[in-house]
1. How much solvent-accessible surface does residue 105 expose, in Å² to the nearest 10, with a 1.4 Å probe and all protein chains in place?
2. In Å, what Kirkwood hydrodynamic radius results for the range 1-160 from the alpha-carbon pair distances?
3. Fully extended, how many nm does the chain gain between residue 328 and residue 103 (0.36 nm per residue separation, minus their Cα-Cα distance)?
4. Give the ranking of 8, 409, 454 by solvent-accessible surface, highest area first, calculated with a 1.4 Å probe.
5. Give the Rg/Rh ratio for the range 87-175, taking Rg as the radius of gyration of the Cα atoms and Rh as the Kirkwood radius, to two decimals.
6. In whole Å, what are the Cα extents of the range 162-215 along the three principal axes, biggest one first?
7. In debye, nearest 20: dipole of the range 60-178 around its Cα centre with unit charges on the Cβ of K, R (+) and D, E (-)?
8. I want the local charge near residue 404. Using Cβ-Cβ distances under 13 Å, sum +1 for each Lys or Arg and -1 for each Asp or Glu among the other residues.
Amino acid sequence: MPSSTIAYATRSARKPHGGFVLLTVEILCLLWWVYRQRYIQLRDLRVWLACQEMVARRCQLLPDEVPHYTLTELHTLVGGVGGQHLRTSLHRLEALGLLDWSNARITFATATAALRGVPDRTSFTAMCAPIPNLHRRVPVPRPTLRLLALGCRATVIATILGHLIRCLFVHARPLRCVSGGWCKASWIAEIFQVDRRRVKAARRHLATLGWLEFGAVPQHTLNRWGSYVYVSLTWNRPVHATGHRPSMPTAGGTPILPPPREFSTTTLPPLSLHTEPLQESQHQQLAQRPDSLVLTPRTASRDAAPPLPPRSPRTDVPLPPPMLHHIVPEDLQDMPRLLTLFVQAQTEGLIGQSDSDRLTFVALAEHAKVVGSANPCGLFAALVRRQHWHFVTDSDEDAAQARLKQYLYGTPVRAAPPPALLPPELSPDAAIVRYLRTQLARAGWHGDTFGLVYREDPAWTRERWDRATAELAQAQTAWQHANALNRLGALTDVGDALDLMSVSAVEEDSLV
């Protein structure tokens, strides 16, 4: 840690918003290294991360339940063409030993030794040399997994992985996720072999999305250690971007519009013209002696030049109507302008007129806002012109549906449950029991779990095990109540959902 007199506090939570997946630093580096060495493609890397999200979705299955994985679900996370492309990515990952796919089970490589078909790993060793503690587990938030699987650029993925390694930690006792650390753009560029300027651009994009937050750091500390960065533990994909509309300069109340594109040139602007440049010396004058000749300054040129009028303040002015041939950032932010583009796309025969087509069009705009870190408007225009609607993922559709619902019906994006309905936090013992049950069930174990625990740690008595098991059962019941209330709250209001839940005990049991 840098020797600075300023204390930089970390931020912690029991878990990030939406849960997390524990991945080691070694696996994160290995995944990027096999991509840089061209053993896998960028789509394969995204498929591997999407498979992690698919397994995490089933973390609360009962021991006797068998998960079911499909390519359709994988396609909703990755987007794109899908079909044979996803099968090819899975075959390539299985050939390298990075994962093992089946309809009922997905397993992942947990160490570099599991990698197959790569004899020379010298460059990977050199990549990991500056990184301490490769076996440290990183709590990767699940919304971040979905963001990585969505289709980000390679530089954005490298920037996210670098900040996860440097700025996100997990503490076991008690179980807490801690965010905050020093990270330089040059360090990410050196480790992941990417351009430093693009890393800085990716950091600005992630800060705009709210995924990154920068602390106030003095310049001398910034030069030596880089920025002190927080990975947001409450980040979820935003439905609306928070960017503000840039103001336009005005002159006398009339907006000064930029020149047309045909009048734009690549030459430098002309030099500023002054009335009489360099007419007098700007150096400091020496003090005059009493017997010296006093010279009168020449002020005629100053008096001849009239004073410049004060600049008028910049005010927001109406934008020109939206055009599909010239999309601006405000078209993706403002819902009426985006729906106007949807009507223009219908007129040109690019998309249909149904509500489903409207949802797809808005979802494609959400996809362009998140993925298009450099030029979201150009990405959206290209996808619409080529009719690449298959790039829309389930995350894009969720954001678009919430945005349309808020615009059409004025309902909030998501009503937060009252504090009484929030699920309780598990104690460390109950969390251990839950983790062991889940892992042993995936491995096919159906015996007495307490016997295995007592054999490894005699401190676990039967009373301690029963107490943790009872707490876990009570928490699972509370989770089921909260899920049922959330499903009802999506149709009605939270207060109406409470009334419906208290109608009768029979209905309550059926919902649970």
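1. Counting only protein heavy atoms, the figure is 130 Å².
2. 17.1
3. Extra length available between residue 328 and residue 103 comes to 76.6 nm.
4. Most to least solvent-accessible, the answer reads 409, 454, 8.
5. 0.98
6. Extents along the principal axes: 39, 24, 15 Å.
7. 480
8. -3
The values are calculated or read from the model by the stated rules, or taken from the named source; none is laboratory data. Treat the numbers as computed from the prediction; the structure is a model and nothing was measured. Cβ atoms come from the backbone with ideal geometry, glycine included; neighbour counts cover every protein chain shown. Calculation scope for accessible area: heavy atoms of the full protein, side chains included, ligands and nucleic acids excluded. Shrake-Rupley method; radii C 1.70, N 1.55, O 1.52, S 1.80 Å.
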